[in-house]
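Below is one structure, written out as structure tokens, with a few remarks after it.
Read the figures in this text as sums done on the coordinates, not as results from a lab. Treat the numbers as computed from the prediction; the structure is a model and nothing was measured. A quick note on method: Cβ atoms are made from the backbone with ideal geometry, for glycine too, and the neighbour counts reach across all protein chains shown.
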């Protein structure tokens, strides 16, 4: 009964929040309704953004930057999410990881009759300017402008330097486009901005229309939902369901500590590669626990007792 009351009050709060932000979330055929976003993200039971997307706390996003893509991928794979990684990007700053919440957008090749309707309805609903700028106005701090632009390179440049500056002003983050951008040299000078794209091109955006904002999209071989948490590093991009972020980060931090222990013990000649690469013996587990207690407890994100629970899904 208590849980149902909390859920009821949360829905009331979300309803009034949505009403207060009505101008920021137009009722049109471009942006998904809050009800649609709630449907696709129903596993999340925490705070939400005004448009309905899950709002994973900034602390977890910051900690995620230090997590290896391999550890995220492996955890998701163990949990049955086996299509969450996409590689093959051209990156503006390869040494700059990017983490954020996905504002999803879907673009398609232009079809005049549909584009005319979309443009008219979007402008009537309060969107301003060209279609590729509409998602920018909806960006919140920490968002990543994520676009399914069907891999278009020439005439597929969704942004240049002007829109890039607007994106960073709204989100303090960057973009991931299954498409291209222009003005890469100027965009690279925006401190804190990054871009993962399929290519660069000097052309302008043409023969492309925006079909949806905050809708499910496909990025390569990955299905992405609005509000998914993104970890983008030089090796590629992994898309994380919001309700799994805390478990993934905590588990990865524990795994990183175990890896450090293994590397040290192998260098010392205490264990062989074969020993550390197999399931640990009770003696090895005890050795690790003593190693952690010897001045490393402050680096453990949970208690020693809780650590085993977080590792129960880890079979690698």
Added length on full extension, which subtracts the Cα-Cα distance from 0.36 nm per residue, residue 183 to residue 137: 14.5 nm
Three-way shape label, segment 100-226, alpha-carbon gyration tensor, a/c 1.5: rounded
Distance histogram for segment 246-310 (every C-alpha pair counted, 5 angstrom bins, percent rounded to whole numbers): 3, 16, 28, 27, 17, 8, 1
Counting DSSP beta bridges with both ends in the chain, the antiparallel % (nearest 5): 60
Inter-part distance where segment 35-72 and segment 246-316 are each reduced to a Cα centre, Å: 27
Residues of segment 272-316 with amide N under 11 Å of the 7 Å Cα→Cβ point at residue 264: 288-297
Listed peptides 121-131, 64-74 by packing density, highest first (mean Cβ within 10 Å): 64-74, 121-131
Among 209, 108, 289, residue whose mean-square fluctuation peaks in a GNM of the chain (springs only between Cα atoms under 10 Å): 289
Listed residues 267, 48, 82, most fluctuating in the chain (Gaussian network, C-alpha, under 10 Å): 267
Antiparallel bridge percentage (DSSP; both residues within segment 87-240; nearest 5): 55
For peptides 297-306, 150-159, 248-257, sequence by mean Cβ density within 10 Å, most packed first: 248-257, 150-159, 297-306
Separation of alpha-carbon centers, segment 191-213 and segment 82-125, rounded to whole Å: 8
Antiparallel bridge percentage (DSSP; both residues within segment 165-316; nearest 5): 65
Per-pair calculated FRET efficiency, R0 = 25 Å: residue 282 and residue 77 via Cβ, rounded to 0.05: 0.40
